[in-house]
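The values are calculated or read from the model by the stated rules, or taken from the named source; none is laboratory data. Bear in mind that the values here come from a model prediction, so they are computed numbers and not experimental data. For neighbour counting, all protein chains shown are included, and Cβ atoms are generated from backbone atoms with ideal geometry for every residue, glycine included. Please note that ligands, DNA and RNA were not included when accessible areas were found on the heavy atoms of the full protein model with its side chains. Shrake-Rupley method; radii C 1.70, N 1.55, O 1.52, S 1.80 Å.
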Amino acid sequence: MPTQKPNTKHTTTSIIAAVSLALSLCITPYANAAKQLAFEVLKTLPHNSTTFTQGLLVAGDQLIESSGLYGKSFIASYNKETGEQTYKIPLPKRVFAEGLTRINDTLYLLTWKENKLLRFNATTREALTPLSYEGEGWGLTHTDNLFLMTDGSEHLYLRSQKDFRVLKKVKVHDQNKIYRFLNELEYAQGHLWLNVWQTNQILRVNYHTGEVTGILDLTSLQKQNGGNPKQAVLNGIAYDPEHNAYWVTGKYWPKRYLIKISTPVTQ
């Protein structure tokens, strides 16, 4: 995602819509509001604090991470326990790397404004023929038969794994609240997990409907890593089946965490 929040324009129509939304919130019951999720830190390990973390995934004993910014973007793989780097794929200066996912032996990397889904052989690191798309690229993950993608808006895009065309898009919401600046994604355990850019929240989402079913607040971890408040933001979530837990980190964070997510028994 970019290093600053996109500009928005406020029109009379948007003001009326905002007032209508505020009134509706006053009368909407909250019985089905998304649950606040809890977490337990299982491990705290070092993270490369020069990495502008975009995508994060687990592949066996490796963490594979994409790092953004023009002239500095790369993909790196390192041992999830020791942090020892196994390879690094530097990217052209004209590329701003974004979300990353892996299907079988292919790595798929979004680009921010270059309208290209880059592809690499995950074993040889050979560049493969890219696929094209319109608009910005932010977050990327996959299910058994779909790509799931964000573009910094309130929309989640369900895309074909064959040609990357859009099959469906949904708005991510919790009752009447619409979430914007949707970013890094991870699909695991039947749930979509979604970072909201410039917040300390990870949302658990039903990707078919866009409904938020849980909210994870990682403010306590951000406070340990926010040396540069404007850019050192939460970003990156990767499911680790070996531990049945999730690795999380952020841009320029010196630490990464393995966390177990749960729903408080009081809810």
- line: From the option list His173, His142, single residue qualifying as of a type outside the set (Phe, Trp, Tyr), more than 23 Å from Thr263 (Cβ to Cβ), modelled with pLDDT of 95 or more and over 11 Å from the mean Cα position of the chain (by Cα) is His142
statement: Filter the range 182-196 for residues that are more than 17 Å from Ser66 (Cβ to Cβ) and open to solvent by 50 Å² or more (accessible area, probe 1.4 Å); the one that is modelled with the lowest pLDDT is Gln189
message: Every residue in the range 52-61 that is without any contact (Cβ under 8 Å) to a residue 40 or more places away in the chain and within 18 Å of Pro254 (Cα to Cα), please.
response: none
query: Taking the condition within 18 Å of Leu234 (Cα to Cα) and of a type outside the set (Asp, Glu), does Ala97 pass?
result: yes
Segments classed as strands (runs of 3 or more DSSP E), wholly inside the range 129-190, with at least 2 members that are more than 20 Å from Val248 (Cα to Cα): 146-150, 155-160, 166-171
Residue satisfying all of: in the range 62-92; in contact (Cβ under 8 Å) with a residue 60 or more places away in the chain and among the hydrophobic types (A, V, I, L, M, F, W, C); most open to solvent (accessible area, probe 1.4 Å) among these: Leu69
statement: Residues of the range 191-212 being within 22 Å of Arg159 (Cβ to Cβ) and outside any loop (DSSP other than H, G, I, E, B), in sequence order, are His191, Leu192, Trp193, Leu194, Asn195, Val196, Ile202, Leu203, Arg204, Val205, Glu211, Val212
- prompt: What are the residues in the range 44-59 that are open to solvent by 60 Å² or more (accessible area, probe 1.4 Å) and either assigned to a strand (DSSP E or B) or not polar (S, T, N, Q) (or both), if any?
  reply: Thr44, Pro46
- prompt: What number of residues in the range 124-157 are open to solvent by less than 10 Å² (accessible area, probe 1.4 Å) and hydrophobic (A, V, I, L, M, F, W, C)?
  reply: 6
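If you check Thr199, Thr209, Thr219, Thr213, which single one turns out to be open to solvent by 10 Å² or more (accessible area, probe 1.4 Å) and in contact (Cβ under 8 Å) with a residue 40 or more places away in the chain?
Step by step, each of Thr199, Thr209, Thr219, Thr213 is checked, and only Thr213 is open to solvent by 10 Å² or more (accessible area, probe 1.4 Å) and in contact (Cβ under 8 Å) with a residue 40 or more places away in the chain.
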